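The values are calculated or read from the model by the stated rules, or taken from the named source; none is laboratory data. Everything numeric here is computed off the predicted structure, so don't read it as measured data. Note that we place each Cβ from the backbone using ideal geometry, even for glycine, and neighbour counts take in every protein chain shown.
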Amino acid sequence: MSASADHKVQAASLYAVCFNVRVLQRDNQMAAAKQWVDDDIGYENWLSAHQSGFMANMSKRPHSNYFVIHRSTHKLPDRSNPATRNPRTGNRYSKVTAETLTELVDWARRTVPALHHLSAQNFCDVCAPADALPVESPPTASPEEYITGADRIRACGTVKKPMGVVVPRSSTGTSTVFFRDPSVRAWVLQRAVGHCELCGNPAPFLTDDQEPFLESHHLITLSAGGPDTPDNAAAVCPNCHRNLHHGIDRDDLRERLSRTVVQKEAPR
Ligand SMILES: [Zn+2]
Ligand SMILES: [Zn+2]
(Lines give C-alpha, C1' and ligand atoms only; values in the text may rest on other atoms or scores of the structure.)
(Ligands and ions follow the chains in the order given, each with its own letter.)
Protein backbone atom coordinates (compact mmCIF):
# COMPACT_ATOMS: atom_id res chain seq x y z
CA MET A 1 0.00 0.00 0.00
CA SER A 2 1.41 3.42 -0.89
CA ALA A 3 2.05 5.96 1.83
CA SER A 4 -0.78 8.17 0.61
CA ALA A 5 -3.26 5.27 0.43
CA ASP A 6 -2.18 4.48 3.96
CA HIS A 7 -3.04 8.02 5.07
CA LYS A 8 -6.46 7.76 3.49
CA VAL A 9 -7.21 4.61 5.42
CA GLN A 10 -6.00 6.29 8.62
CA ALA A 11 -8.10 9.37 7.83
CA ALA A 12 -11.18 7.24 7.33
CA SER A 13 -10.68 5.30 10.55
CA LEU A 14 -9.92 8.44 12.54
CA TYR A 15 -13.08 9.91 11.17
CA ALA A 16 -14.99 6.99 12.64
CA VAL A 17 -13.39 7.80 16.01
CA CYS A 18 -14.30 11.49 15.62
CA PHE A 19 -17.89 10.55 15.09
CA ASN A 20 -18.08 8.73 18.43
CA VAL A 21 -16.17 11.39 20.35
CA ARG A 22 -18.45 14.05 18.91
CA VAL A 23 -21.45 12.91 20.91
CA LEU A 24 -19.45 13.08 24.14
CA GLN A 25 -18.05 16.50 23.38
CA ARG A 26 -21.37 18.08 22.56
CA ASP A 27 -22.11 18.27 26.28
CA ASN A 28 -18.78 19.88 27.05
CA GLN A 29 -19.52 23.26 25.46
CA MET A 30 -16.34 23.34 23.41
CA ALA A 31 -15.18 26.52 21.73
CA ALA A 32 -16.90 26.53 18.38
CA ALA A 33 -15.26 26.28 15.01
CA LYS A 34 -15.04 29.65 13.29
CA GLN A 35 -15.54 30.59 9.66
CA TRP A 36 -13.36 33.40 8.33
CA VAL A 37 -14.77 35.64 5.63
CA ASP A 38 -12.93 38.73 4.29
CA ASP A 39 -10.57 38.72 7.25
CA ASP A 40 -7.09 37.45 6.34
CA ILE A 41 -5.51 39.22 9.30
CA GLY A 42 -7.84 37.62 11.83
CA TYR A 43 -7.39 34.27 10.15
CA GLU A 44 -3.56 34.51 10.08
CA ASN A 45 -3.51 35.55 13.73
CA TRP A 46 -5.63 32.58 14.66
CA LEU A 47 -3.28 30.24 12.79
CA SER A 48 -0.16 31.52 14.52
CA ALA A 49 -1.86 31.31 17.91
CA HIS A 50 -3.09 27.75 17.28
CA GLN A 51 -0.19 25.80 15.80
CA SER A 52 -1.73 22.49 16.75
CA GLY A 53 -5.14 23.45 15.38
CA PHE A 54 -6.90 22.60 12.15
CA MET A 55 -8.48 24.47 9.29
CA ALA A 56 -10.48 23.72 6.20
CA ASN A 57 -10.21 25.39 2.86
CA MET A 58 -13.57 25.96 1.21
CA SER A 59 -15.74 28.23 -0.88
CA LYS A 60 -17.45 31.20 0.77
CA ARG A 61 -20.74 29.38 0.72
CA PRO A 62 -19.68 26.03 2.18
CA HIS A 63 -20.29 23.26 -0.32
CA SER A 64 -19.51 19.57 -0.35
CA ASN A 65 -17.59 19.96 -3.64
CA TYR A 66 -14.77 21.74 -1.92
CA PHE A 67 -13.92 21.13 1.70
CA VAL A 68 -10.36 20.09 2.53
CA ILE A 69 -9.05 19.83 6.07
CA HIS A 70 -5.43 20.68 6.92
CA ARG A 71 -3.27 21.15 9.98
CA SER A 72 -2.97 24.85 10.78
CA THR A 73 0.79 24.59 10.16
CA HIS A 74 0.29 23.72 6.47
CA LYS A 75 1.07 26.83 4.45
CA LEU A 76 -1.45 26.93 1.63
CA PRO A 77 -1.31 28.73 -1.70
CA ASP A 78 -3.46 31.79 -2.32
CA ARG A 79 -4.86 30.74 -5.67
CA SER A 80 -8.14 32.54 -5.27
CA ASN A 81 -7.20 36.07 -6.20
CA PRO A 82 -3.88 37.43 -4.94
CA ALA A 83 -4.85 40.93 -6.11
CA THR A 84 -7.71 41.22 -3.65
CA ARG A 85 -7.24 42.52 -0.16
CA ASN A 86 -8.04 39.14 1.42
CA PRO A 87 -6.65 36.46 -0.92
CA ARG A 88 -7.21 33.71 1.64
CA THR A 89 -10.64 34.55 2.96
CA GLY A 90 -11.99 36.98 0.37
CA ASN A 91 -13.69 36.72 -2.97
CA ARG A 92 -15.19 33.27 -3.53
CA TYR A 93 -13.13 31.61 -0.79
CA SER A 94 -13.18 31.26 2.95
CA LYS A 95 -11.65 29.20 5.74
CA VAL A 96 -12.95 27.52 8.83
CA THR A 97 -10.73 26.88 11.84
CA ALA A 98 -11.01 24.85 15.03
CA GLU A 99 -8.72 23.76 17.84
CA THR A 100 -9.62 20.12 17.40
CA LEU A 101 -10.37 17.97 14.40
CA THR A 102 -13.59 16.84 16.04
CA GLU A 103 -14.95 20.39 16.20
CA LEU A 104 -14.07 20.97 12.57
CA VAL A 105 -15.72 17.75 11.45
CA ASP A 106 -18.72 18.56 13.60
CA TRP A 107 -19.01 22.02 12.04
CA ALA A 108 -18.92 20.54 8.54
CA ARG A 109 -21.68 18.07 9.38
CA ARG A 110 -23.91 20.72 10.90
CA THR A 111 -23.32 23.27 8.15
CA VAL A 112 -23.39 21.20 4.97
CA PRO A 113 -25.70 18.18 4.98
CA ALA A 114 -23.74 16.63 2.10
CA LEU A 115 -20.61 16.66 4.28
CA HIS A 116 -22.30 14.32 6.70
CA HIS A 117 -20.00 11.56 5.49
CA LEU A 118 -16.55 12.99 5.02
CA SER A 119 -14.29 10.93 2.80
CA ALA A 120 -10.54 10.67 2.30
CA GLN A 121 -10.80 13.52 -0.26
CA ASN A 122 -11.71 15.85 2.59
CA PHE A 123 -8.33 15.30 4.29
CA CYS A 124 -5.11 16.80 2.94
CA ASP A 125 -2.66 14.18 1.65
CA VAL A 126 0.35 16.30 2.48
CA CYS A 127 -0.12 17.30 6.13
CA ALA A 128 -2.32 14.28 6.96
CA PRO A 129 -4.42 16.09 9.59
CA ALA A 130 -6.10 12.88 10.75
CA ASP A 131 -2.83 11.46 12.06
CA ALA A 132 -2.41 12.25 15.74
CA LEU A 133 1.38 11.94 15.52
CA PRO A 134 3.73 13.52 13.01
CA VAL A 135 3.60 11.46 9.84
CA GLU A 136 6.22 8.85 9.16
CA SER A 137 8.24 9.50 6.04
CA PRO A 138 10.89 6.79 6.04
CA PRO A 139 13.98 6.83 3.82
CA THR A 140 13.03 6.04 0.26
CA ALA A 141 14.67 5.17 -3.05
CA SER A 142 11.90 6.91 -5.00
CA PRO A 143 12.74 10.50 -6.02
CA GLU A 144 9.05 11.51 -5.91
CA GLU A 145 8.42 10.01 -2.50
CA TYR A 146 11.62 11.69 -1.24
CA ILE A 147 10.20 15.10 -2.19
CA THR A 148 6.60 14.49 -1.07
CA GLY A 149 7.89 12.94 2.16
CA ALA A 150 9.85 16.12 2.88
CA ASP A 151 6.80 18.27 1.99
CA ARG A 152 4.70 16.20 4.39
CA ILE A 153 7.21 16.70 7.21
CA ARG A 154 7.39 20.45 6.60
CA ALA A 155 3.60 20.75 6.49
CA CYS A 156 3.53 19.50 10.11
CA GLY A 157 5.36 22.60 11.38
CA THR A 158 8.91 23.46 12.42
CA VAL A 159 11.33 20.66 11.52
CA LYS A 160 13.51 19.33 14.34
CA LYS A 161 17.06 18.55 13.26
CA PRO A 162 17.03 14.87 12.23
CA MET A 163 19.80 12.35 12.87
CA GLY A 164 19.71 11.25 9.24
CA VAL A 165 21.31 7.97 8.26
CA VAL A 166 25.08 7.54 8.49
CA VAL A 167 25.19 4.51 6.23
CA PRO A 168 22.25 4.81 3.83
CA ARG A 169 20.74 1.60 2.55
CA SER A 170 21.03 0.98 -1.17
CA SER A 171 19.60 -1.49 -3.62
CA THR A 172 21.37 -2.67 -6.72
CA GLY A 173 19.45 -3.32 -9.91
CA THR A 174 20.64 -2.03 -13.27
CA SER A 175 22.16 0.79 -11.23
CA THR A 176 22.62 1.36 -7.50
CA VAL A 177 19.93 3.48 -5.84
CA PHE A 178 20.20 4.86 -2.33
CA PHE A 179 17.43 5.25 0.23
CA ARG A 180 17.39 8.94 1.22
CA ASP A 181 15.77 10.31 4.35
CA PRO A 182 13.05 12.93 3.55
CA SER A 183 13.53 14.49 6.99
CA VAL A 184 17.05 15.53 5.93
CA ARG A 185 15.61 17.30 2.89
CA ALA A 186 12.91 18.89 5.08
CA TRP A 187 15.62 20.15 7.44
CA VAL A 188 17.90 21.66 4.80
CA LEU A 189 14.95 23.34 3.07
CA GLN A 190 14.02 24.95 6.37
CA ARG A 191 17.66 25.92 6.94
CA ALA A 192 17.91 27.50 3.46
CA VAL A 193 14.88 29.79 4.05
CA GLY A 194 14.08 29.86 0.33
CA HIS A 195 17.60 30.79 -0.85
CA CYS A 196 20.19 28.65 -2.63
CA GLU A 197 22.88 27.76 -0.12
CA LEU A 198 25.57 28.16 -2.79
CA CYS A 199 24.80 31.34 -4.79
CA GLY A 200 22.49 32.86 -2.17
CA ASN A 201 19.84 33.79 -4.74
CA PRO A 202 16.14 33.21 -4.04
CA ALA A 203 14.79 29.92 -5.39
CA PRO A 204 13.97 30.39 -9.11
CA PHE A 205 10.25 29.54 -8.79
CA LEU A 206 7.52 28.41 -6.41
CA THR A 207 5.93 24.98 -6.36
CA ASP A 208 2.17 24.26 -6.26
CA ASP A 209 2.34 24.61 -2.49
CA GLN A 210 3.93 28.05 -2.97
CA GLU A 211 7.15 26.72 -1.51
CA PRO A 212 10.43 27.97 -3.01
CA PHE A 213 11.83 25.20 -5.22
CA LEU A 214 15.35 24.05 -4.29
CA GLU A 215 17.09 20.73 -4.90
CA SER A 216 18.87 18.59 -2.32
CA HIS A 217 22.57 18.00 -2.83
CA HIS A 218 24.89 15.77 -0.82
CA LEU A 219 28.35 17.29 -0.27
CA ILE A 220 29.98 13.87 -0.29
CA THR A 221 27.79 11.82 -2.59
CA LEU A 222 26.09 8.77 -1.12
CA SER A 223 27.76 6.61 -3.75
CA ALA A 224 31.15 7.84 -2.52
CA GLY A 225 30.17 6.71 0.98
CA GLY A 226 28.82 10.06 2.19
CA PRO A 227 26.27 10.01 5.04
CA ASP A 228 22.65 11.11 4.55
CA THR A 229 22.79 13.64 7.40
CA PRO A 230 22.04 17.38 7.78
CA ASP A 231 25.73 18.35 7.75
CA ASN A 232 26.35 16.48 4.51
CA ALA A 233 23.35 17.97 2.72
CA ALA A 234 22.50 21.32 1.18
CA ALA A 235 19.58 22.98 -0.62
CA VAL A 236 20.67 24.54 -3.89
CA CYS A 237 19.06 26.03 -6.98
CA PRO A 238 18.92 23.80 -10.09
CA ASN A 239 21.66 25.84 -11.81
CA CYS A 240 24.09 25.54 -8.94
CA HIS A 241 23.20 21.87 -8.61
CA ARG A 242 24.26 21.15 -12.21
CA ASN A 243 27.29 23.36 -11.73
CA LEU A 244 28.32 21.39 -8.61
CA HIS A 245 28.23 18.19 -10.63
CA HIS A 246 29.46 19.27 -14.07
CA GLY A 247 30.93 22.79 -13.90
CA ILE A 248 34.59 23.49 -14.63
CA ASP A 249 34.93 25.13 -11.17
CA ARG A 250 33.06 22.38 -9.35
CA ASP A 251 35.89 21.65 -6.88
CA ASP A 252 35.93 25.27 -5.69
CA LEU A 253 32.14 25.40 -5.56
CA ARG A 254 31.93 22.21 -3.48
CA GLU A 255 34.55 23.61 -1.12
CA ARG A 256 32.59 26.85 -0.72
CA LEU A 257 29.30 25.04 -0.15
CA SER A 258 30.91 22.78 2.48
CA ARG A 259 32.18 25.80 4.40
CA THR A 260 28.70 27.38 4.33
CA VAL A 261 27.07 24.21 5.63
CA VAL A 262 29.68 23.70 8.36
CA GLN A 263 29.11 27.31 9.47
CA LYS A 264 25.33 26.94 9.51
CA GLU A 265 25.43 23.67 11.40
CA ALA A 266 28.07 24.74 13.95
CA PRO A 267 26.71 24.61 17.50
CA ARG A 268 25.91 28.09 18.80
ZN1 LIG B 1 -2.47 20.09 4.35
ZN1 LIG C 1 22.34 28.69 -6.66
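Here are a few things to note about the model shown:
- Note on region 66-93: residues that are modelled with pLDDT of 90 or more and over 21 Å from Asp151 (Cβ atoms) total 1.
- Strands (runs of 3 or more DSSP E) wholly inside region 157-268 containing at least 3 residues that are within 16 Å of ligand 2 (Cβ to nearest atom) and closer than 20 Å to Val126 by Cα: none
- The set of residues in region 198-215 being more than 16 Å from the chain's Cα centre (by Cα) and touching a residue at least 40 places away in the same chain (Cβ under 8 Å) consists of Leu198, Cys199.
- Strands (runs of 3 or more DSSP E) contained entirely in region 37-122, each with at least 1 residues that are surrounded by fewer than 21 Cβ atoms within 10 Å (Cβ to Cβ), more than 15 Å from ligand 1 (Cβ to nearest atom) and more than 23 Å from the chain's Cα centre (by Cα): 54-63
- Any chance Ala141 is in contact with a Leu (Cβ under 6 Å, 6 or more places away or on another chain) and at pLDDT 90 or above: no
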